[in-house]
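Asks: The following block contains the structure, expressed as structure tokens.
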2 protein chains.
Amino acid sequence: MEWIKNGDLSYLEARKIGVDEAKQNTVKEIINEVKQRGDQALYDYTERFDGVKLTHLKVTKEQINEAYSRVSDDVVNVIKKAASNIRTFFEKQKPESWSYTNDEGTVLGQQITPLDAAGVYVPGGTAAYPSSVLMGAIPALVAGVKRIVLVSPPQKTGMVSDGVLVAANEIGIDEIYQVGGAHAIAALAYGTETIKPVDKIVGPGNIFVTLAKKEVFGDVAIDSLAGPSEIVILADETANSEWIASDLLSQAEHDPLAMAALITPSKEFGQAVEEALEKQLSDLPRQNIARQSIEQFGKIILVKDNDEGIDVINQMAPEHLEVVIKDAEEKVKQIKHAGAIFLGPYSPVPIGDYFAGPNHIIPTNGSATYSSPLSVESFVKQSSIIKYSREAILNNSQHIATFARYEGFEGHARAVENRLKEETD
Amino acid sequence: MEWIKNGDLSYLEARKIGVDEAKQNTVKEIINEVKQRGDQALYDYTERFDGVKLTHLKVTKEQINEAYSRVSDDVVNVIKKAASNIRTFFEKQKPESWSYTNDEGTVLGQQITPLDAAGVYVPGGTAAYPSSVLMGAIPALVAGVKRIVLVSPPQKTGMVSDGVLVAANEIGIDEIYQVGGAHAIAALAYGTETIKPVDKIVGPGNIFVTLAKKEVFGDVAIDSLAGPSEIVILADETANSEWIASDLLSQAEHDPLAMAALITPSKEFGQAVEEALEKQLSDLPRQNIARQSIEQFGKIILVKDNDEGIDVINQMAPEHLEVVIKDAEEKVKQIKHAGAIFLGPYSPVPIGDYFAGPNHIIPTNGSATYSSPLSVESFVKQSSIIKYSREAILNNSQHIATFARYEGFEGHARAVENRLKEETD
């Protein structure tokens, strides 16, 4: 862990997604191929990138049954419990339509409707992320999206990972395609013979998936451009250094580019965490990855007091934030920018990764300054409702016509004034 | 107006923003220049594209006073009234933070915070759009955004349009830069010596502005990629054909690429509208523009009944929709995709363009299938709040650890299980 005492956060720049024209061009080419050659392009890219020769794109009922036979009851059970918690949280988040009537009898409001179709990208390759299925799809289910499509690359076995298939089946999603990468994004955006296009694509992926999402944005909606995982912990001497060390490592083990930072007003506490972390690191199965992350981006930021710590947090806008200080619940109101905030000693980030309810798909790389975790709102949209009364148009037509004429739109003014004619004729 | 009887909406494809590599490259070059040369690039591009040699970028208090001297009291008054209506509507939209505590004492919730800084693009050139100032900035003000920056290109006079400056001043916005186009978007995204960067850029502009917004997306947030204006009207024989004709023209006069369509179950009514429209067109000041729009995209879509009409609407997902039929308020619930819905005979779209309250910055080109009018929510974000209780971690640590280990993250499992150690030690 490197100690930072001067508040210099410039090291964070190195984690941003840079412009990589070569990769961008590759992604553009992949998208064009999928647009032009449809399914056949998906088969070809899957063979080339995943080393798998597919015989069909859509996962069959048999494949799902096969997956169940390899997943333990314990895991199926946990998936069920997690799904239930996640659903409970998102049910509370569901926005409602509203309207009001003003003195003139005008009705104004907002009608909420779900998207028709959403695509959830679930990363694959060597790992299996059933949790990403739950986090990506359940908010869409709660929003009322009728068609939810899952895409995930096949593993070396030739199949999407068992856990992903089980999680999808547990929440009732059966439109699953065994295809990943930029080509899967293109298929979701523009459609192929087999895969009908969707309105929005969500879920994190590798750099090619991220660049493809940026490329198709505007033709369809996307959630956000995900970067490697981050944890920032504000902890003072009231915290347990062993626990905090393990929380830092739980993010560092994700990715060599993951970022784990401790902000503390106590040098002694920081040293204790550093020591504990080194000890815990030595027998962590993924210590190779975690060590690279800690060496590059593992920082202990020493601050004057917790308030200064919160200032630093607001500059960083971390994906995951733990606040383990005296008066944590009071202090949290000063936090302006953080994706998910974990409060108090019993809230390590993994409870949110898997189980508590709120999403684990959270803005990274400082984008919590302007964006939110994936939510029910990500899958609905608003239509404004405007119903003017006769009284309202009589009272206001002149104002509206004046404004329209000032902007040079005589036709606008006339459309309003026409409503008065019947009155005077 | 062309009659469509077979429900073929393929003509809408011609209105989509196509890929134009030459323009994209121009925009990329402009963005790079602004990144590298800052203010000087802004001066150079303003001279080149707007034909104005600026002496400073930020609009001065003197320029605002000067603008007032040229705007009539009537117009200032209407701006005030419109601003008040818009603010009233958006106040109702403001989302609140919430949280709940479950049986185990776990607190889950969502903290709402505003963005720090937002940029509003206001189109300029030959026209003046004070209404766009109000619609772009007021939701940000209501959201609590501290720094709201306006950019708008100078007119041939060398100044941003008077109405824009007056509208900005009326709602208390004083950070205004007299710069537009793709270079203004680049300045807002990456900053220059004079213009500090913002977190989100909103507001419609020409094709270069739109492409620039797409290009900077991911480094900052943007609202949506705006296309030319649209109106779809579902009206039956209970509607007034003169009024409906003028409503169609009020969109057609915006732009040769604007789209105006009438959906009706009544051939007679459609013919009456067609006739009225032709008559009204003949003395419309912007008839040249309106006629191009009507010739290209003016359609009368004959349907079996109003329900079929609503099906067509849901396929079109129009920016503006008028529903002038029997039982309009009941039928509106069947509408899935439309940006703003105007109900009944006294609700011509211009009331919403200027005055009623809801936003006139609304998704175009079918993107109402997945996006919403600009809103207070466009300027806030959510942070998830998770505070587990000791009881909750005791009860659930095993589940969470099982899930983490299934995904191959031993460090995640240990972070949770460490919380139990103290209990058994």
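No value in this document is a laboratory result; all are computed from the given coordinates. Nothing here was measured: the structure is a model prediction, and the numbers come from that model. Using ideal geometry, Cβ is built from the backbone for each residue, glycine included, and neighbour counts are taken over all protein chains shown.
Asks: Which whole-number percent gives the relative contact order of segment A:296-425, counting Cα pairs below 8 Å spaced six or more residues apart? Walk me through the intermediate numbers first.
Replies: Numbers: 124 pairs, mean separation 22.3, N = 130.
Relative CO of segment A:296-425 lands at 17 percent.
Asks: Pull up the DSSP beta bridges for chain A and report the antiparallel fraction as a percent, rounded to 5.
Replies: In chain A, DSSP labels about 25 percent of beta bridges as antiparallel.
Asks: Okay, moving on. If we hang a label 7 Å off Cα along the beta carbon direction at residue A:257, how far is it from the matching labels on the other copies, in nm, shortest first?
Replies: Distances to the matching label points in the other copies: 3.4 nm.
Asks: Residue A:61: which aspartates and glutamates have alpha carbons under 12 Å from its alpha carbon, excluding same-chain residues fewer than 8 sequence positions away?
Replies: Result set, ordered by chain and number: A:174, A:175.
Asks: Tell me, how many Å apart are the Cα centres for segment A:263-289 and for segment A:1-77?
Replies: Taking the Cα centre of segment A:1-77 as reference, the centre of segment A:263-289 is 31 Å away.
Asks: Ok, one more. For segment B:283-353, with equal point scatterers placed on the C-alpha atoms only and solvent neglected, what are the log10 I(q)/I(0) values from the Debye formula at q = 0.15 1/Å, to two decimals?
Replies: Ignoring solvent entirely, the Cα scatterers give -0.59.
Asks: Also, I was wondering about something else. Using a 10 angstrom cutoff on alpha carbons, build the Gaussian network for chain A and name the most mobile of A:156, A:333, A:16.
Replies: A:333
Asks: Place the label 7 angstrom along Cα→C-beta at residue A:330 and in each other copy, then list the distances from the first to the rest in nm, shortest first.
Replies: Between copies, matching label points for residue A:330 lie 5.8 nm apart.
Asks: Restricting to Cα pairs below 8 Å that are 6+ residues apart, what does the relative contact order work out to for segment A:189-303? Please round to a whole percent.
Replies: Dividing the mean separation by the residue count of segment A:189-303 yields 24 percent.
Asks: Under 10 Å, Cα contacts only: if you run a Gaussian network model on chain A, which one of A:106, A:194, A:126 comes out with the highest mean-square fluctuation?
Replies: In this elastic network of chain A, the residue with the biggest mean-square fluctuation among A:106, A:194, A:126 is A:106.
Asks: Taking DSSP loops as anything outside H, G, I, E and B, show the longest stretch in chain A free of GluC sites (Glu not before Pro) there with at most 16 other beta carbons within 10 Å.
Replies: Between exposed loop sites, the widest span is A:238-425.
Asks: Mean residue ellipticity at 222 nm from the helices of chain B, using -39,500 (n - 2.57) per DSSP H segment of n ≥ 4 over the full residue count, to the nearest 500 deg cm²/dmol?
Replies: -13500 deg cm²/dmol
Asks: A further question on this structure: Over 30 Å between Cα atoms, which of A:80/B:333; A:16/B:156; A:16/A:92; A:92/A:336; A:92/B:421; A:81/A:214 qualify?
Replies: Where the Cα-Cα span goes over 30 Å, the pairs concerned are A:80/B:333; A:16/B:156; A:16/A:92; A:92/B:421; A:81/A:214.
Asks: Taking a threshold of 31 Å on the Cα-Cα distance, which of the pairs A:213/A:304; B:23/B:200; A:146/B:326 fall above it?
Replies: Numbers: A:213/A:304 41 Å; B:23/B:200 23 Å; A:146/B:326 29 Å.
With Cα atoms farther than 31 Å apart: A:213/A:304.
Asks: Scale the Cα Rg of segment B:106-249 by the rule-of-thumb value 2.2 N^0.38 Å and send over the ratio, two decimals.
Replies: For segment B:106-249, the normalised Cα radius of gyration comes out at 1.24.
Asks: Quick check on chain A: what are the equivalent-ellipsoid semi-axes from the Cα gyration tensor, as sqrt(5λ), descending, whole Å? Can you show the working numbers first?
Replies: Details: eigenvalues 351, 211, 88 Å².
Square roots of five times the eigenvalues give 42, 32, 21 Å.
Asks: What aspartates and glutamates does residue A:94 reach when the alpha-carbon gap must be under 19 Å and sequence neighbours fewer than 8 apart in one chain are set aside?
Replies: Output for residue A:94: A:116, A:223, A:377, B:96, B:377.
Asks: Based only on other Cβ atoms within 10 Å, what is the fewest-to-most ordering of B:254, B:320, B:56?
Replies: With the fewest neighbours first, B:254, B:320, B:56 line up as B:56, B:254, B:320.
Asks: Turning to a different aspect of this structure: Quick one: in segment B:181-256, what % of C-alpha pairs are over 20 Å apart? The partial results should precede the final answer.
Replies: Values: 1388 of 2850 pairs.
Within segment B:181-256, distances greater than 20 Å cover 49 percent of Cα pairs.
Asks: Using all Cα-Cα distances in segment A:21-222, what percent lands in each 5 angstrom bin from 0 up to the longest?
Replies: With 5 Å bins starting at 0, P(r) equals 1, 7, 16, 18, 18, 14, 9, 6, 4, 2, 2, 1, 0, 0.
Asks: Let a ≥ b ≥ c be the square roots of the eigenvalues of the Cα gyration tensor of the protein assembly as shown; is it rounded (a/c under 1.5), or, if not, prolate (a/b larger than b/c) or oblate?
Replies: Judged from the Cα gyration tensor, the protein assembly as shown comes out prolate (a/c at least 1.5, a/b above b/c).
Asks: Ok, one more. What residue among A:232, A:406, A:52 has its Cα farthest toward the positive end of the dipole of chain A, where the charges are +1 on Lys, Arg and -1 on Asp, Glu, each on the Cβ?
Replies: Value computed over the given set: A:52.
Asks: Just A:184, A:401, A:245 to compare: in a GNM of chain A, with alpha carbon springs under 10 Å, which one fluctuates most?
Replies: Sorting by GNM fluctuation, first place goes to A:401.
Asks: Turning to a different aspect of this structure: In whole Å, largest first, what are the principal axis extents of the Cα atoms in segment A:147-224?
Replies: The principal-axis extents, from largest down, are 33, 26, 25 Å.
Asks: Cα gyration tensor of segment A:319-425, axes a ≥ b ≥ c as square roots of the eigenvalues: rounded (a/c below 1.5), prolate (a/b > b/c) or oblate?
Replies: Judged from the Cα gyration tensor, segment A:319-425 comes out prolate (a/c at least 1.5, a/b above b/c).
Asks: When the distances between all Cα atoms of segment A:227-370 are binned every 5 Å from zero, what whole-number percent does each bin get?
Replies: Percent of Cα pairs in each bin: 2, 11, 22, 25, 23, 13, 4, 0.
Asks: On to the next question. Taking the label point 7 Å from Cα in the Cβ direction, how far apart in nm is residue A:268 from each other copy of itself, listed shortest first?
Replies: 9.3
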